Number of protein chains: 2
Amino acid sequence: MIERDDLAAWLRLLETPAIGRETARRLLAAFGSPHAIFDAPPVALKELLTAEKASALRSPPPSLDALIEATWQWLAAGEQRHVVALGDPAYPRALLETADPPLLIHAIGRIALLNVPSVAVVGSRNPTPQGAENARAFATALSHAGLTVVSGLALGIDGSAHDGALAGPGSTIAVVGTGLDRVYPKRHLKLAHRIARDGLMVSEYALGTPPLAAHFPLRNRLIAGLARGTLVVEAALESGSLITARLALEAGREIFAIPGSIHAPQSRGCHALIKQGAKLVDSAVDILEELRFDMPEGAPLAASTPSKEDPVLAALGHDPVTLDALSARIGWPPAELSARLLELELSGDVARLPGQLFQRLVQA
Amino acid sequence: MIERDDLAAWLRLLETPAIGRETARRLLAAFGSPHAIFDAPPVALKELLTAEKASALRSPPPSLDALIEATWQWLAAGEQRHVVALGDPAYPRALLETADPPLLIHAIGRIALLNVPSVAVVGSRNPTPQGAENARAFATALSHAGLTVVSGLALGIDGSAHDGALAGPGSTIAVVGTGLDRVYPKRHLKLAHRIARDGLMVSEYALGTPPLAAHFPLRNRLIAGLARGTLVVEAALESGSLITARLALEAGREIFAIPGSIHAPQSRGCHALIKQGAKLVDSAVDILEELRFDMPEGAPLAASTPSKEDPVLAALGHDPVTLDALSARIGWPPAELSARLLELELSGDVARLPGQLFQRLVQA
């Protein structure tokens, strides 16, 4: 538990606009703590800082006291609320291996999750229904394998990933780009509360920080940095998920991508990543093998296993297929096949498209 | 043009059951020609062969004379019919770099195609409609780029690949597992005749050879061996296309694979190949770049280029999507989007699925 005067010194260091994280880390390395930085004689600071920065450090921003008080009240309002500083035993070791570790982390929930093995699951805010389902199924499978799922609480893939992780026995971390007294997007308010209770909400931003566009790519470095590997489920070219993947690569972590149709814009980012060396995964087992994690027996694998299921469903592709082609594929007479397809249509497993085409709808 | 007595000696060497291709190549290396092998004194053969094989070589099989006569008549029946032996100037140089080059090639069509740059396009006999369309579109694009498309005349991907290649300015080679006086499968009789006229039909099997299961994997080594690279369009696990890909790898050629849904059995083989190092391709340009071939300006690329096309189609995924998700994705009001979707449905570009889902249908 952080002391009030330590919290005050950390916030003062972070809230001094002229001092960036890199300068702050340099000062911390030289003086040992924020207190020591502020107690240092001007001559000692001069050696490390420009006159301008040294002067900025001497005058706390006017809003600082209110922020300290608000943060202190926020911490006091619940046992599960934490502020973890660089050097704190609870600080995530995985972030220490990255190029730009945050100085202070706000968190609500199970703080121990900061130091358990995790995998990031990220992707498009506008996924296909199948993409969202894949995110959920992979997250559940990873959760079963004992891996915590890290994501960004965004709409689409992120939300499905958190949800899927909580559906399994494991947990999830949401790294957000706002202060922890706010929830963005609003549509995920309920999900954020579930994560705060059963998982962990994390932010490096001070309370009250609104959703600023510039924060989201920075937030992505924490998602990538916390996790042993990053799975991109669906992503367009030039999307934020590709930034997360690049940051994971820079942090020396594994990158995984789920392939899809070459005609789907939501798969292009994943295909680009695979071309650049990301590992193609078609089952959560691929991720576990790469990370040397074992899958418990009987746990879901997050991919269809056609040998064990309905032969018609197994033979139906993801693309629309004609009755004749399907009949040729599985060797059933068309009449029999037609009857079975009707059953599958009624059970919601198959869709009938114009032109006597049939398509499988894959659900969890 | 092969001489009748040379043809007779080659066929006698090939038709001697105890002498396999490897022994035959060893004998040819020692004696220089089939004639010289049969003229060699028994003592010279003894050094290279077991007594049993040497004895087999002295007694031509009873059916040999009929085969020689039939092959000679077959050759005489058309200018485009060829028998090309190892060492012949028309023999494909690409096959000489492989572990097991055929000794004699029967061919009908444009014999010069044996020595032009080519790419193999292979895959499932039971593809999805989209898979067949992808095979056709990639083959047409390769044809435009000046590459000849090699495949195996099988139903499904092979047929679409030949067809797509002939639709472009380039050509195609069908390597078959039967004698060239037969067509298998029968359904491709018309296609085989088109290829014999505008491309090249190739077989290493003697006239009259029926479609034997054992010949097809062997035939695949010629498909892989003729081509600079092999593209697997769709393939189940444990399929013949994966054998072709392995043979291409052994011959030091490039392997390309088109990804698809992780739930599609027809994509599993492609995904397995990509995991093993095959190059993921989502456009023919990927293949041309790898083979250092230029794409002529204005030629089709065999993959959608969303930036140039209808924004609604570009944003519609390959998986079903809701009106709301699509509206959020492209920023159109639902009413306007709904009207446009109806138009696209009527033009056959979009299918409306149960549950207000929309899906793109991609055609050439």
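The values are calculated or read from the model by the stated rules, or taken from the named source; none is laboratory data. Owing to the predicted nature of the structure, the values given are computational and were not obtained by experimental measurement. All Cβ positions, glycine included, derive from the backbone under ideal geometry; neighbour counts span all protein chains shown.
General observations
- Against the conditions (1) surrounded by 17 or more Cβ atoms within 10 Å (Cβ to Cβ); (2) modelled with pLDDT under 95; (3) under 19 Å from A:R219 (Cβ atoms), A:E97 satisfies every one except (1).
- Residues that are within 17 Å of B:L113 (Cβ to Cβ) and hydroxyl-bearing (S, T, Y) within segment B:148-200 comprise B:T148, B:S151, B:S171, B:T172, listed in sequence order.
- Test: A:T209 is among the β-branched types (V, I, T) and part of a loop (DSSP other than H, G, I, E, B): yes
- Among the residues making up segment A:198-245, those that are touching a Phe, Trp or Tyr at 6+ places or on another chain (Cβ under 8 Å) and among the β-branched types (V, I, T) are A:T230, A:V232, A:V233.
- Residue count for segment A:249-293 under the criterion of being closer than 14 Å to A:V121 by Cα and polar (S, T, N, Q): the result is 1.
- The lone exception for A:E79 - which of (1) within 26 Å of the chain's Cα centre (by Cα); (2) more than 30 Å from A:G199 (Cβ to Cβ) it fails: (2)
- For segment B:25-64, residues that are more than 25 Å from B:A206 (Cα to Cα) and among the charged types (D, E, K, R) total 2.
- Screening B:E133 against (1) at pLDDT 95 or above; (2) out of contact with any Asp or Glu (no Cβ under 7 Å at 6 or more places or on another chain); (3) surrounded by fewer than 24 Cβ atoms within 10 Å (Cβ to Cβ) leaves a single unmet condition, (1).
- Residues that are among the charged types (D, E, K, R) and in a helix (DSSP H, G or I) were ranked within segment B:189-204; the one that is farthest from B:E79 (Cα to Cα) is B:K190.
Conditions tested, residue by residue: (1) within 8 Å of chain A (Cβ to nearest Cβ); (2) touching a Cys at 6+ places or on another chain (Cβ under 8 Å); (3) charged (D, E, K, R).
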{"residue": "B:V321", "(1), (2), (3)": "yes, no, no"}
{"residue": "B:D324", "(1), (2), (3)": "no, no, yes"}
{"residue": "B:A328", "(1), (2), (3)": "yes, no, no"}
{"residue": "B:P333", "(1), (2), (3)": "no, no, no"}
{"residue": "B:L337", "(1), (2), (3)": "no, no, no"}
{"residue": "B:L341", "(1), (2), (3)": "no, no, no"}
{"residue": "B:D349", "(1), (2), (3)": "no, no, yes"}
{"residue": "B:Q356", "(1), (2), (3)": "no, no, no"}
{"residue": "B:L361", "(1), (2), (3)": "yes, no, no"}
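- Within segment B:115-138, the set of residues being of a type in the set (A, V, I, L, M, F, W, C) and either over 21 Å from B:V202 (Cβ atoms) or in contact with a helix residue (DSSP H, G or I) (Cβ under 6 Å, 6 or more places away or on another chain) (or both) comprises B:V119, B:A120, B:V121, B:V122, B:A132, B:A135, B:A137, B:F138.
- Residues of segment B:17-37 satisfying the condition of being farther than 18 Å from B:H215 by Cβ and of a type in the set (V, I, T): B:T23, B:I37
- Test: residue in segment A:62-69 that is farther than 22 Å from A:T148 by Cβ, touching a residue at least 24 places away in the same chain (Cβ under 8 Å) and β-branched (V, I, T): yes
- Hey, B:L142 over 28 Å from B:Q266 (Cα atoms), under 16 Å from the mean Cα position of the chain (by Cα) and hydrophobic (A, V, I, L, M, F, W, C) or not: no
- Residues that are facing chain A (nearest Cβ under 7 Å) and not in a loop (DSSP other than H, G, I, E, B) within segment B:269-294 comprise B:H271, B:I274, B:K275, B:L280, listed in sequence order.
- When B:R182, B:R187 are checked against the criterion of being basic (K, R) and either within 26 Å of B:L7 (Cβ to Cβ) or without any contact (Cβ under 8 Å) to a residue 24 or more places away in the chain (or both), B:R182 stands alone in meeting it.
- Residue, modelled with the lowest pLDDT, within segment A:12-48, restricted to residues that are among the acidic types (D, E) and not in a loop (DSSP other than H, G, I, E, B): A:E22
- Filter result for B:L57 (assigned to a helix (DSSP H, G or I) and either buried (at least 22 other Cβ atoms within 10 Å of the Cβ) or among the hydrophobic types (A, V, I, L, M, F, W, C) (or both)): yes
- Meets criteria (within 8 Å of another protein chain (Cβ to nearest Cβ), within 35 Å of the chain's Cα centre (by Cα) and at pLDDT 75 or above) for A:A315: yes
- Within segment A:199-246, considering residues that are surrounded by fewer than 24 Cβ atoms within 10 Å (Cβ to Cβ) and β-branched (V, I, T), the one farthest from A:E289 (Cα to Cα): A:T209
- Some residue of segment B:177-188 being under 15 Å from the mean Cα position of the chain (by Cα), under 20 Å from B:I255 (Cα atoms), part of a loop (DSSP other than H, G, I, E, B) and of a type outside the set (G, A, S): no
- Residues being out of contact with any Asp or Glu (no Cβ under 8 Å at 6 or more places or on another chain) and more than 9 Å from every other protein chain (Cβ to nearest Cβ) - total across segment A:255-268: 2
- Taking segment A:248-268 as the range and being within 12 Å of A:V232 (Cα to Cα), part of a helix (DSSP H, G or I) and in contact with a helix residue (DSSP H, G or I) (Cβ under 7 Å, 6 or more places away or on another chain) as the test, the residues that pass are A:A248, A:Q266.
- Single unsatisfied condition, A:N115 versus (1) of a type in the set (S, T, N, Q); (2) surrounded by fewer than 24 Cβ atoms within 10 Å (Cβ to Cβ); (3) within 14 Å of another protein chain (Cβ to nearest Cβ): (3)
- A:L95 vs. criteria under 22 Å from A:G199 (Cα atoms), part of a helix (DSSP H, G or I) and in contact with a Lys or Arg (Cβ under 6 Å, 6 or more places away or on another chain): no
- Odd one out for B:R292 among (1) at pLDDT 95 or above; (2) at positive phi; (3) of a type in the set (K, R): (1)
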